[in-house]
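J.: After the structure tokens below, expect a handful of questions from me.
The values are calculated or read from the model by the stated rules, or taken from the named source; none is laboratory data. Bear in mind that the values here come from a model prediction, so they are computed numbers and not experimental data. As a convention, Cβ positions derive from the backbone with ideal geometry for all residues, glycine included, and neighbour counts pool all protein chains shown. Areas reflect the complete protein model, heavy atoms only, side chains present, ligands, DNA and RNA absent. Shrake-Rupley method; radii C 1.70, N 1.55, O 1.52, S 1.80 Å.
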Amino acid sequence: MQMPFCPKLWDRSPVPPANAIAVNGTVVVANTFGLSAPGKSTTLRLFSGTQIDHETGKGMLSPEAPLRGGKKSKHGKTSTTTYHVTFVVDADFGTPGAVSVRNGNRADRFFLRHVRLELAEDRSIHFECNSWVYPYKKTASDRLFFVNTSYLPSKTPEALVLLRDEELRSLRGDGKGERKDWERIYDYDRYNDLGNPDNPEHVRPVVGGTRTHPYPRRCRTGRAISNTDGVTETRKHVINLDFYIPPDERFSPGKLAEVLKLGVQAVTHFVIPEARTLVHGNDFKSMEQLRKDLYSRPVQPAVDGEVMEKLKSSVPSHKTYKQVAKAVKEEHPARFPIPQVIQQDPEAWRSDEEFAREMLAGLNPVAIKRLQTFPPVSSGGKKSSITAEHIKSQLGDVTIEMAMHQKRLYILDHHDYLMPYLRRINTLGVCIYASRTLLFLKADGTLKPVVIELSLPSDGEGDTELSRVFLPATHGTEGHLWQLAKAHVSVNDSGYHQLISHWLFTHAAVEPFIIATRRQLSAMHPIHKLLEPHFKDTMQINTLARSILLNAGGILERTMYPGKYAVEMSSAIYGDWRFTEQSLPNDLLKRGVASSSDEPGGLTLHIEDYPYAVDGLEVWHAIDGWVRSYCAHFYHSDKEVDGDAELQAWWHDVRTVGHGDRQGDQACWLALDTVDHLAQTLSTLVWIASALHAAVNFGQYAYAGFPPNRPTRCRRFVPLPGSPEMTQLEADPEKFFLEMVPDRFTATLGLALIEVLSNHTSDEVYLGQRATSTWTDDGQLLRLLDGFREDLRRVERRVEERNKDPRLKNRRGPVKVPYTLLFPDVAGQEKGLTGKGIPNSVSI
């Protein structure tokens, strides 16, 4: 509460003027392992939000007030310390609008959760901080936090206008110098940190910023130096965990330790080149041995000292290393859990129905399209080698023309984007085709694969192709060939899923929006507050990915079939990416699996039992309803959107810099000139960061945790008639299959990776949730958020009902795995390999 100043309350302060008053408050700091608490020299000052100091043009500034006390407390699951503070201000100071914090510690930072002031008449003011505050000795500036009231730029209290502008300018920086840990600077950069120009084997093209290699931008994370390939960012370690990212984008210390603990087995298997070779040879001899070795025995008896020493030199601090080492020591030897795809029936994954069902309800349900032309035609006009004779007998009494008219023919097409790379990819010791798979929608709502085409470039120059066509079969040599063809299709789809559907279309696509938001939208801006939870941890997980997964010689190059051409190939695909097509309704329309209609929701699905689309549309409409109501709360006319200077600067940053390589395509972006366009844009961004990422990420272990179901590369082509390889296939089909798909080391490596990626970590915040209830002081917004949560709970109930409906065969399939990847899990109580729940952000 607010009271007349009494010197006895705070005898360290100078005697105030007669008209001074005291404002009492509490300051909550997270307790961080290994870091000192804020010292007595840490001080705070208040800026008035209503009264201007005419000499500075900013709000009146209070004298410094030190922290006092320090009592252990708890906020949610977080261990905290609560301090008290008393500010001495003039009676006409007005209402505080911002607080500045000076960390007086010599070396240690602290994590400030919030500051709360008690005013007269039982009023209080809350400053939601959730930020690292570094020592003033390093930063030479105080940290500034605004009250949790949202203001459009034109409605900002005059006393806060200059503070708002100065804070944004400091976050943009000047684009120069080497980044220091304590700097809060958001700057764009190209993907120039993946290769090593000093190692001929690890030279990789810089992607982003050129017509030949377009790409989204990332946040600049280090010091740029000139090398033989142009400008490349330096890296301290082969396993680089000690990198700069803006402090507020970093994992909490607890999450960093959790992620490292999850990844220690992965580090043992594939990050450290000196890791021991598995003792039983590099091929599985049988499916039985594969299941026994992966799921019944410890993967490794222990994490050896050499691995931990490598990790010690790579993590950002000795304190983090000690946390990880303690957790690893307490863990029992790891066994991979049995993936869902083989839990109920170890052979059901082989069926054609399951092969097709996973295109609708598996880990990559975003690639299947409706066939628009028969036979399929490449982008260059070349017709497929698939003919009517191949499929007409498999359609029952339906002709091809009828099937096309009834929208019952579909295609999984991994042909056009892959053909230009196959000659180079197949020099890397792999055997990869480009594939087309046609599927027929049966009367019971399931899909039936009717033909697979596998293509290679011809031996000569030019674009001529050598193609083979395979038809469904269950017995004999034809049945074995059909299984091999399906495996090659799965390899194509696995690569596309990991590099495009997952990495490019979610992780990489979102990062420019984060940078633009920090640079151009004040923390007071309502759109900043709307988007804040959807950016949590994304920048750090992306930086880790560049350091360990995407880098030259990294895990993805070692496991996925494109090898060193992986990022280059994803760059070519990004050249056709459009943000407007990333909303779920527009994506379904583009792929031809839905049509516009007058039905509720505006769409008719042509595959009614399409779990990803059915559940996804309900989640999409919940997101869109929340976003539209939120925007309407602040923008009462299109003119207010068009005239919002910060918002327009944000959109300009996104389109011309962050995704600047796509600015020439007018269809890529909406003009941000109406409330409707703003809502469409923000709904799409929230969808990508939350539901789309959940759909393509958290099912990885359930389906790809059994490597034969989702192989990531092939070591042999499908044998030709009369060849020695055909003789081998006929003599021992299982052995041939296992010698074709990834070897033991590669399979184990991939398995360890996707186990980490598929885990829900303990600090995730799920769609419809906020980290705290004090993110805003606007009661109407809190009620709107409650409505959003209730919409998501209704989605949960309908998902559960559909999964129990025996008529919906694609909901569970032959493997009996219910579709729960878009079950929101608003309660957010389950952690680990749950296969359900939609986190707010791309956080793993």
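J.: What's the angle, to the nearest 10 degrees (0 to 90), between helix 611-634's Cα axis and the longest principal axis of the chain?
T.: The helix 611-634 is inclined about 20 degrees to the chain.
J.: Using only helices, what value at 222 nm comes out for the chain when you add -39,500 (n - 2.57) per DSSP H run of length 4 or more and divide by the total residues, to the nearest 500 deg cm²/dmol?
T.: The helix-only estimate for the chain comes to -9500 deg cm²/dmol at 222 nm.
J.: Hey, another quick one. Contact order normalised by length for the chain, with contacts defined as Cα pairs under 8 Å and 6 or more residues apart; what percent is it?
T.: 14 percent
J.: Relative contact order (percent) for the range 508-637, with alpha-carbon contacts under 8 angstrom and 6 or more residues of separation?
T.: 11 percent
J.: Per residue, how large is the accessible surface of the chain? Use a 1.4 angstrom probe and give square angstrom.
T.: Ligands and nucleic acids excluded, the result is 40 Å² per residue.
J.: Sort out for me the Cα centre separation of the range 460-535 from the range 183-209, rounded to whole Å.
T.: Value for the Cα centre distance between the two parts: 22 Å.
J.: While we're on this one: Dipole of the chain, Cα-centred, from +1 at each Lys and Arg C-beta and -1 at each Asp and Glu C-beta, to the nearest 20 debye?
T.: 2080 debye
J.: A follow-up question, please. Identify, among H114, S79, A22, the residue whose Cα sits farthest towards the positive end of the charge dipole of the range 20-149, taking +1 on the Cβ of Lys and Arg and -1 on the Cβ of Asp and Glu, with the dipole about the Cα centre.
T.: It is S79, whose Cα lies furthest towards the positive end.
J.: Going by accessible area, probe 1.4 Å, with all protein chains left in place, what is the ranking of L35, L162, L395, largest first?
T.: Heavy-atom accessible area, descending, gives L162, L35, L395.
J.: Within 10 Å, count the other beta carbons around each residue, average over each peptide in 433-442, 103-112, 592-601, 465-474, and list them highest first.
T.: Highest to lowest by the protection proxy: 433-442, 103-112, 465-474, 592-601.
J.: Moving on. I'm checking a number: the convex hull volume of the Cα atoms of the range 765-828, normalised per residue, in Å³. What is it?
T.: Residue-normalised Cα hull volume stands at 73 Å³.
J.: Now a separate question. Counting only protein heavy atoms and a 1.4 Å probe, tell me what percentage of the chain's accessible area is made up of carbon and sulfur.
T.: Using a 1.4 Å probe with all protein chains present, the chain comes out at 51 percent carbon and sulfur.
J.: Now, a different point. Give the peptides 767-773, 206-212 in descending order of average Cβ contacts within 10 Å, highest first.
T.: Going from most to least packed, we get 767-773, 206-212.
J.: Please give the Cα centre distance for the range 380-422 versus the range 675-739, rounded to the nearest Å.
T.: Cα centroid of the range 380-422 versus Cα centroid of the range 675-739: 20 Å apart.
J.: Return one number: the angle in degrees, 0 to 90 and rounded to the nearest 10, between the long axis of the Cα atoms of helix 779-804 and the longest principal axis of the Cα atoms of the chain.
T.: On a 0 to 90 degree scale, this one is about 20.
J.: Taking the Cα centre of the range 38-105 as origin, work out the dipole magnitude from +1 charges on Lys and Arg Cβ and -1 charges on Asp and Glu Cβ, in debye rounded to 20.
T.: Value, rounded to 20: 720 debye.
J.: Taking square-rooted eigenvalues a ≥ b ≥ c of the alpha carbon gyration tensor, is the range 341-498 rounded, prolate or oblate, where a/c under 1.5 means rounded and, failing that, a/b exceeding b/c means prolate?
T.: oblate
J.: Which one, T604, V654, C668, projects farthest toward the positive side of the charge dipole computed for the range 515-672 from Cβ point charges (K/R +1, D/E -1)?
T.: Toward the positive end, the furthest listed residue is V654.
J.: What angle, in degrees between 0 and 90 and rounded to the nearest 10, separates the Cα long axis of helix 509-520 from the longest principal axis of the Cα atoms of the chain?
T.: With both axes taken from Cα atoms, the answer is about 20 degrees.
J.: Rounded, prolate or oblate, given the Cα gyration tensor of the range 723-793, with a/c below 1.5 counting as rounded?
T.: Judged from the Cα gyration tensor, the range 723-793 comes out prolate (a/c at least 1.5, a/b above b/c).
J.: Of V430, Q394, G462, which is farthest along the charge dipole of the range 341-498 in the positive direction, counting Lys and Arg as +1 and Asp and Glu as -1 at C-beta?
T.: Sorting the options by dipole projection puts first G462.
J.: Which distance in Å, rounded to a whole number, links the C-alpha centroids of the range 115-167 and the range 811-842?
T.: Comparing the Cα centres of the range 115-167 and the range 811-842, I get a distance of 38 Å.
J.: About the Cα centre of the range 348-394, how large is the charge dipole given +1 on each Lys and Arg Cβ and -1 on each Asp and Glu Cβ? Please answer in debye to the nearest 20.
T.: For the range 348-394, the charge dipole is close to 280 debye.
J.: I need to check one value: relative contact order of the range 341-498, counting alpha carbon pairs closer than 8 Å and at least 6 residues apart, in percent.
T.: Normalised by residue count, the contact order of the range 341-498 is 20 percent.
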